[in-house]
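The next block holds one structure in the form of structure tokens; read it before the comments.
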Amino acid sequence: MAQATEQQILDGLAEIIDEIVGIDKDEVTPEKNFIDDLDIDSLSMVEIAVAAQDKFGVEIPDDELRNLKTVKDVINFVQNLQA
Amino acid sequence: MTTPTPRARLRVPNVTPGARILSFGDYQPSKVVTNDDLAKTVDTNDEWIRSRVGIAERRIAGDDESLVDMAVHAGGKALAGSGLAPDDIDLVIVATASHDVPMPNVSAPTAHRLGIHAPGAFDLNAACSGFCYALATASAAVRGGSARNVLVIGAEKTSQWIDWTDRSTCIIFADGAGAAVVAGSDEPGIGPVVWGSAGDQADKISIADRNSFITQEGQAVFRWATTAIAPIALEACERAGITPADLGAIVPHQANLRIVDSIARKVGATNAVVADDIVTSGNTMAASIPLALAHMIERGDVRSGDPALLIGFGAGLAYAAQVIQIP
């Protein structure tokens, strides 16, 4: 897909998170930490990464996934690879 | 290459159009190990185990209970349910990846103890997908005329390959056996198998050497299982000529309840019961699919004639899927 804006990625990510772990879209904001704030565990993170791959066309390998602590981290990662 | 001119023509048997499962059998050791029991010896707890892998309790064999003992119990039950006599069985296949010695195999002594006289007997190692591989092999043997009836057993004593101080594996794996009797039939009851492997990922689930235990890269395996397997399962439906809506049951290998749910969701069979035997049985590798099926039939979750989708996947990495008809 064409390069997405930060807001588009945030919206897409919120949709994925809602679908996989049932967290309300409004809860998903850039500063939120996946583990501490959203209570998302490592296996759900893998499912989210796979869904994000389908949605944004950007592969997030397991090694990278460990470094993506916040919603903002994922947005930056996707934007950097799409650029 | 040219076909050689035969000096004598070889005779081949008449082929049977289909194969079907006559009956299932199951066996689990009597010792129940709960999450609270494990929390006494490793740093874990009931809530964590239930939410990550979906297991509440599992069965573990005693020191005096061998892989052959478990295979005999499950195989004997399936044989009794089939209405066949021991001598009607021409081939015994045991799918296992947890035998303590490379020889003798599990199948020959198991057949002997069941009173089956001199059948073909071999073990098959495709780890957690072993039962689906064995079922496909049995179906081919029956249809090709190499055996009239086949006893297929998935049996595992994983506990002898577990590091009981490793909290990432000891909470998952368990012991047990499940079996099925396969016979020829005019009406096909075992669909074509879709099988394959990804040997480039052989290190993802392994036992390093004879003094080691099962280790797995949980995240990598989880990613593979939740992405690569559903398309295989859908292909098995297509090759059997049915749609997911026709399925009465989906029986994925009971690896992890979250993997099971993910695969079932992606297959999208709205009318099907999804096996969740892992909750009380744990991950019994090659035994998990026949164990789950036997329990579902016993409880009346599925009816005779229902198409059920079996999906094996695990170490190798290897996978196999096929549609069967519930006997």
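Here is how the numbers come out for the structure above:
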read-out	value
Members of the range B:206-225 that are among the hydrophobic types (A, V, I, L, M, F, W, C) and within 11 Å of chain A (Cβ to nearest Cβ)	B:A220, B:V221, B:F222, B:W224, B:A225
Options B:A236, B:A228: the member that is out of contact with any helix residue (DSSP H, G or I) (no Cβ under 7 Å at 6 or more places or on another chain), touching a residue at least 40 places away in the same chain (Cβ under 8 Å), assigned to a helix (DSSP H, G or I) and within 14 Å of another protein chain (Cβ to nearest Cβ)	B:A228
Within the range B:1-33, considering residues that are of a type in the set (S, T, Y) and surrounded by 10 or more Cβ atoms within 10 Å (Cβ to Cβ), the one nearest to the chain's Cα centre (by Cα)	B:Y27
Selected residue (only one of A:L65, A:L43, A:L10 is of a type outside the set (G, A, S) and away from chain B (no Cβ under 14 Å))	A:L10
Residue in the range B:188-208 that is part of a loop (DSSP other than H, G, I, E, B) and without any contact (Cβ under 8 Å) to a residue 40 or more places away in the chain present	yes
Output for the range B:60-78, where each listed residue is among the charged types (D, E, K, R) and either in contact with a Cys (Cβ under 6 Å, 6 or more places away or on another chain) or within 17 Å of B:H99 (Cβ to Cβ) (or both)	B:D63, B:D64, B:E65, B:D69
Condition check for B:T215: touching a residue at least 24 places away in the same chain (Cβ under 8 Å), of a type in the set (S, T, Y) and part of a strand (DSSP E or B)	yes
Helices (runs of 4 or more DSSP H) wholly inside chain A that include at least 3 residues being over 22 Å from B:Q219 (Cα atoms)	A:6-21, A:71-82
Residue match in the range A:17-35 (condition: more than 19 Å from B:S51 (Cβ to Cβ), within 14 Å of another protein chain (Cβ to nearest Cβ) and modelled with pLDDT of 90 or more)	no
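Rundown of residues vs (1) within 18 Å of the chain's Cα centre (by Cα); (2) surrounded by fewer than 22 Cβ atoms within 10 Å (Cβ to Cβ); (3) not aliphatic (A, V, I, L, M), yes/no style:
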position: B:A198; (1), (2), (3): no, yes, no
position: B:F213; (1), (2), (3): no, yes, yes
position: B:A225; (1), (2), (3): yes, no, no
position: B:A230; (1), (2), (3): yes, yes, no
position: B:I242; (1), (2), (3): no, yes, no
position: B:Q254; (1), (2), (3): yes, no, yes
position: B:R258; (1), (2), (3): no, yes, yes
position: B:M285; (1), (2), (3): yes, no, no
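The values are calculated or read from the model by the stated rules, or taken from the named source; none is laboratory data. Given the structure is predicted, the values throughout are model-derived calculations rather than measurements. Heads up, the Cβs are rebuilt from the backbone with ideal geometry, glycines too, and the neighbour counts pull from every protein chain shown.
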